[in-house]
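So the structure is just underneath, and the comments pick up after that.
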Amino acid sequence: MWGLTLQNYAHTSSDSINAFEDQRQRVNQLLNERSRKFGEYDESLKQKTGIFGLFKSKGDMQRSIDILKEIVINDNNIFIETRKLLDLKDSERERYQRMATEYDQQVTAYMKTISKLQQENERLKEKINTLEQEEHQSSSYLSLFIFVTLVLIGIIIYLYTRLRAKNVTKV
């Protein structure tokens, strides 16, 4: 039973670890994408394609705004993916707490079973001791009975031989 439980735990644990790692990689990719977009934004701020290269043109400003929109969308995705990552972590924590509770209940049940078996074992040992004492007492009575019977048989034989000896002398 423990083997199956541990095998199931290992399988579930590796699946959840893989899911956690995949999610973490997604968040890291989004963060790297955000850093790259900020670099593009910084470059777009430096670009001045307006009159004589001194001013920003409307197109330059629109590119900067578009990059900022992409950054905001990326930030929203980062928040969503981070929330998923935290949910995975929370579900893992809850699963571990559930498993700890189940194992605790199993251990408690095993301890109760062991305690009952120990009590039953003690009761049976006492019963064996009682039966051994009764058997010893019975064998003592039987030995006494056999001894008394042999003594009586011996007395009867002795008396019979004496009585026969008297009857032979009377004839």
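Observations on the model:
- Of all residues in the range 40-86, those being open to solvent by less than 40 Å² (accessible area, probe 1.4 Å) and either modelled with pLDDT of 80 or more or among the acidic types (Asp, Glu) (or both) number 11.
- Count of residues meeting criterion [of a type outside the set (S, T, N, Q) and either open to solvent by less than 100 Å² (accessible area, probe 1.4 Å) or at pLDDT below 85 (or both)] in the range 150-162: 7
- For Ser16, the conditions (1) exposed (fewer than 14 other Cβ atoms within 10 Å of the Cβ); (2) at pLDDT below 85; (3) within 30 Å of Glu94 (Cβ to Cβ) are fulfilled apart from (1).
- Boolean, Ile114 is under 30 Å from Gln29 (Cβ atoms) and in a helix (DSSP H, G or I): no
- Within the range 118-136, considering residues that are open to solvent by 100 Å² or more (accessible area, probe 1.4 Å) and of a type in the set (Asp, Glu), the one modelled with the highest pLDDT: Glu126
- Test result for Gln97, of a type outside the set (Gly, Ala, Ser) and over 30 Å from Asn28 (Cβ atoms): no
The values are calculated or read from the model by the stated rules, or taken from the named source; none is laboratory data. Values in this document were obtained by computation on a predicted structure and should not be read as measured data. Cβ: placed from backbone, ideal geometry, glycine included. Neighbour counts: every protein chain shown. Note: areas computed on protein heavy atoms with side chains; ligands, DNA, RNA excluded. Shrake-Rupley method; radii C 1.70, N 1.55, O 1.52, S 1.80 Å.
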